[in-house]
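The values are calculated or read from the model by the stated rules, or taken from the named source; none is laboratory data. Worth saying up front: this structure is predicted, and the values here are computed from it rather than measured. Backbone-built Cβ (ideal geometry, glycine too); neighbour counts: all protein chains shown.
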Amino acid sequence: MCPPEHFAVTYAINPWMDPTVPVDTALAMTQWATLRDTYLQLGHRVDLLEPVPGLPDMVYAANGATVVGGRVFGARFRHPERAAEAAAHLAWFRSAGFPTIEAHLVNEGEGDLLVVGDVVLAGTGFRTDPAAHVEAAAALERPVISLELVDPRYYHLDTAIAVLDATTIAWLPEAFTPAAQQVLRDRYPDAIVASTDDAAVLGLNAVSDGRHVVLPAAATALAAQLVDRGFVPVPVDLSELLKGGGGPKCCTLEVRG
Ligand code: ARG
């Protein structure tokens with residue numbers, strides 16, 4: 001995770017971002033600290049990346065890399081405003097002793113590359129280059145399944161799919177092309193279908209340890225659906241960070257050993 005010390009909305013690279021709307025950085029810090037404390041209380045370890053002035057989106061650490069089996073596949077950002085974040089992540093992983101692989105094509109880390117069991121679901125349409133899916137498959141040594149997104153509000157795959165465990169997802173079908181919807185229906189017939197209201201508060205931008213699902217507090221119907229399926233919803237309020245177009249998952253890069 002990376003504290004939102006320099007968080008601001010100074011540019012707009014997704015429809016959630018409006019530079020004319022004021023951001024309360026102190027409140028963002030408090031909300032982010034609650035997310036971090038939530039993970040600690042659930043027994044997870046949290047490492048911190050040093051925030052860099054001038055990189056206001058760095059709090060969305062999920063975009064900085066993808067880590068599978070202790071192997072780190074670096075990111076390459078679509079927009080120049082975020083480009084420098086990739087090197088900061090790689091440097092952190094290198095100094096922590098992880099083997100790293102640099103990306104040549106645009107991929108926005110776990111924003112678009114979601115690990116589900118033995119496969120990686122890969123988003124494209126707004127950020128990650130579809131050719132980067134091939135690069136990711138080679139780097140991570142996992143089959144990668146390409147999925148095309150169609151709604152600019154759901155510009156990253158992790159805004160349209162929540163990975164709940166090795167075989168279970170929650171998703172918003174209308175965020176995808178008909179072909180991608182079919183792929184997901186075939187693969188996950190028991191998936192939870194989120195309501196448009198819950199998706200619209202980035203309810204699917206959730207982090208699951210297979211049992212506890214940390215999700216935006218406003219996604220109340222999704223929380224009830226999770227309970228029905230035996231998961232334990234853990235709501236958090238990240239309203240300030242929603243102004244940048246992110247939720248709990250965006251703020252969390254999972255380091256899979
Ligand atoms: N403002 C950031 C961007 O548009 C938000 C990134 C959200 N991260 C995510 N994993 N969806 O790039």
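Observations, loosely collected:
- Taken together, L184, L253 contain a single residue that is buried (at least 18 other Cβ atoms within 10 Å of the Cβ), within 13 Å of the chain's Cα centre (by Cα), closer than 27 Å to A131 by Cα and at pLDDT 95 or above, which is L253.
- From the options A137, A170, A175, residue that is in contact with a Pro (Cβ under 9 Å, 6 or more places away or on another chain) and surrounded by 17 or more Cβ atoms within 10 Å (Cβ to Cβ): A137
- In the range 151-171, the qualifying residues are those that are assigned to a loop (DSSP other than H, G, I, E, B) and over 17 Å from C250 (Cα atoms), and the one that is nearest to the ligand (Cβ to nearest atom) is D151.
- Of all residues making up the range 2-24, the number that are touching a helix residue (DSSP H, G or I) at 6+ places or on another chain (Cβ under 6 Å), surrounded by 15 or more Cβ atoms within 10 Å (Cβ to Cβ) and aromatic (F, W, Y): 1
- Among the candidates L90, L27, the residue that is of a type in the set (A, V, I, L, M), crowded, with 19+ Cβ neighbours inside 10 Å, part of a helix (DSSP H, G or I) and away from the ligand (no atom under 16 Å from the Cβ) is uniquely L90.
- Within the range 7-23, the presence of a residue that is more than 17 Å from the chain's Cα centre (by Cα), among the hydrophobic types (A, V, I, L, M, F, W, C), assigned to a helix (DSSP H, G or I) and more than 10 Å from the ligand (Cβ to nearest atom) is excluded.
- Of all residues in the range 30-57, exactly one satisfies the criterion of being within 16 Å of the ligand (Cβ to nearest atom) and in contact with a strand residue (DSSP E or B) (Cβ under 6 Å, 6 or more places away or on another chain), namely L35.
- Residues that are in contact with a Leu (Cβ under 6 Å, 6 or more places away or on another chain) and not aliphatic (A, V, I, L, M) were ranked within the range 65-82; the one that is nearest to the ligand (Cβ to nearest atom) is T66.
- Within the range 33-52, residues that are more than 22 Å from A88 (Cβ to Cβ) sit with their Cβ atoms under 7 Å from residues that are surrounded by 15 or more Cβ atoms within 10 Å (Cβ to Cβ) and of a type in the set (A, V, I, L, M), at 6+ positions apart or across chains, in these pairs: T34/V236; T38/V214; T38/V234; T38/V236.
- Count - residues of the range 169-225 that are within 21 Å of A122 (Cα to Cα) and polar (S, T, N, Q): 5
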